[in-house]
Amino acid sequence: MMMKRCGSSLSWWCWLLMVCLSGASPAQVQLRPGQQLAINSSTMDLGDHAIPCVADWNNDGLPDLLVGYQPAFKVALFLNSGSPGHPVYSHFSNVVAGSSDIYCPASGCGSPAPFICDYDHDGRKDLLVGSGADGRIWFYKNTNTDAAPILAAGVLLLLNNTPLSVGIRATPYIYDWDGDQVPDLLSGDGLGYVHFFKNTGTAQTPVYETDVFVQAGGANVNFNSRSCIRVLDWDGDGRPDLLGSGSDNFAWCRNTNPGYPPILNTPVQLKAPIPVVGLVPIDTGYRMRFEILDWNQDGVPDILMGNADGTLTWYAGYRFSIRRIFPSGLGQITLEWDSADNLNYTISAGSQPANTTQIVAAKVASGGLTTSWTHTPTAPSQFYRVSIAP
């Protein structure tokens, strides 16, 4: 970004700004501090081991929330009564299939794992549910309209005419992993791995090959026990990346392949700021399960984390980038950038982009969603670098 300003007692100044985040691509999604979801002004608590999924269930333009939970081993549906960017949930009902509540009992942390998709490509949203007990996956077909789903009794997904399974703690996800225009099946499991079931059938009638483990960095990717995954272009380079959560771990694997299938780097933990300490790896406790969505409708993906204690934590996503640069007084400029609470920033300057080594401001305190800083340039051409302070 370049700006020029002229005044009666000032010479021309050329201010050129360069911003980067140390250790990450400037376009990578960053996360703000976590906030617990509420229901009727109290912390939303489903009981134990919440596994979230978000979709517009009733086609009213608002994100609704499905959560698998214990000890009922059912799937809760929260319809959003808020507005775009401001979800409001006041009560829930259990999702019914056939004539009764969906019920997937399991020992330990095996809550039902819901995923909404148009599984049979008939133009209506359906529901998949991963079973914690045996790692099988149930398909609940929508027999009504897309705006008012009515689910048939569940049928098991098959592999070679027998029930498909990942062992235990299945967390299903539908995505065209190999780029052949036919949706495939991915799933986490109880040991933390990611299974890829290639669909050799059609979008309308899937037929799956025997699963293989997804690899990252030349080895089977593992997100710690009880893995859950989603696919998204996390760093803004136009390539789909893999995100995964597990026990005390949340990470992403960057895709380095411009084609298909993705070629992934080893997992890198994702961080969010907390008071006093600053950026730390996200860890809301063991058995984390997550969902990706644009919760606040700002065009940047957010993270919704289901926790072992039955609560859910929302992490707003943002891009660490400059909003604007403008003259703000006699010979001064102001930089304004997207930021997050609980962080400080270091600003360095130099005469060339590769030589911005002179620290001109240390520990500039965050201003919240945006932070601004005012400076008097010391040279006709000045380059600036903003980074998160250690």
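The values are calculated or read from the model by the stated rules, or taken from the named source; none is laboratory data. All of these numbers come straight from a predicted model, not from anything done at the bench. Neighbour counts run over all protein chains shown; Cβ positions are idealised from the backbone, glycine included. To get the accessible areas, we keep the full protein, side chains included, count just its heavy atoms, and leave off ligands, DNA and RNA. Shrake-Rupley method; radii C 1.70, N 1.55, O 1.52, S 1.80 Å.
Here L151 qualifies as in contact with a Gly (Cβ under 8 Å, 6 or more places away or on another chain) and within 29 Å of N59 (Cβ to Cβ). Do we have V67 as over 30 Å from P273 (Cα atoms) and surrounded by 14 or more Cβ atoms within 10 Å (Cβ to Cβ) here? It is false that V67 is over 30 Å from P273 (Cα atoms) and surrounded by 14 or more Cβ atoms within 10 Å (Cβ to Cβ). Could you list all residues from segment 232-289 that are of a type in the set (S, T, N, Q), open to solvent by less than 50 Å² (accessible area, probe 1.4 Å) and in a strand (DSSP E or B)? S245, N249, N255 - these are the residues of segment 232-289 that are of a type in the set (S, T, N, Q), open to solvent by less than 50 Å² (accessible area, probe 1.4 Å) and in a strand (DSSP E or B).
On the given criteria, is D118 out of contact with any Pro (no Cβ under 6 Å at 6 or more places or on another chain), among the charged types (D, E, K, R) and under 26 Å from S245 (Cβ atoms)? Yes; evaluated as a whole, the condition is true for this residue.
Taking segment 290-311 as the range and being among the aliphatic types (A, V, I, L, M) and either open to solvent by 80 Å² or more (accessible area, probe 1.4 Å) or more than 16 Å from the chain's Cα centre (by Cα) (or both) as the test, only A308 passes.
Residues in segment 130-148 that are in contact with a Gly (Cβ under 8 Å, 6 or more places away or on another chain) and over 23 Å from S107 (Cα atoms): 1 in all. In segment 112-132, of all residues being in a loop (DSSP other than H, G, I, E, B) and of a type in the set (G, A, S), the one that is most open to solvent (accessible area, probe 1.4 Å) corresponds to G123. The number of residues in segment 371-383 being out of contact with any Phe, Trp or Tyr (no Cβ under 7 Å at 6 or more places or on another chain) and at pLDDT 90 or above comes to 5.
Within segment 322-352, the set of residues being open to solvent by 40 Å² or more (accessible area, probe 1.4 Å) and either under 15 Å from the mean Cα position of the chain (by Cα) or at pLDDT below 95 (or both) comprises R323, R324, F326, P327, S328, L330, Q332, S351, Q352.
The residue of segment 86-105 that is modelled with the lowest pLDDT, among those that are open to solvent by less than 20 Å² (accessible area, probe 1.4 Å) and part of a loop (DSSP other than H, G, I, E, B), is Y89. For segment 197-233, the set of residues classified as in contact with a Cys (Cβ under 9 Å, 6 or more places away or on another chain) and more than 22 Å from I137 (Cα to Cα) consists of A216, G217, listed by residue number.
Among the residues of segment 318-335, is any in contact (Cβ under 8 Å) with a residue 12 or more places away in the chain and within 30 Å of Y69 (Cα to Cα)? Scanning segment 318-335, I find at least one residue that is in contact (Cβ under 8 Å) with a residue 12 or more places away in the chain and within 30 Å of Y69 (Cα to Cα), so the answer is yes.
Residues satisfying the criterion are absent from segment 218-228 (criterion: among the aliphatic types (A, V, I, L, M), open to solvent by less than 20 Å² (accessible area, probe 1.4 Å) and not in a loop (DSSP other than H, G, I, E, B)). Within segment 27-47, the set of residues being part of a strand (DSSP E or B) and either buried (at least 17 other Cβ atoms within 10 Å of the Cβ) or of a type in the set (A, V, I, L, M, F, W, C) (or both) comprises V29, Q30, L31, R32, G34, A38, I39.
When segment 67-85 is limited to residues that are out of contact with any Asp or Glu (no Cβ under 9 Å at 6 or more places or on another chain) and part of a strand (DSSP E or B), the one that is farthest from G306 (Cα to Cα) turns out to be S83. Within the set D241, D248, the sole residue that is touching a residue at least 40 places away in the same chain (Cβ under 8 Å) and of a type in the set (D, E) turns out to be D248. From the list P52, P87, the lone residue that is under 25 Å from S131 (Cβ atoms) and not small (G, A, S) is P52.
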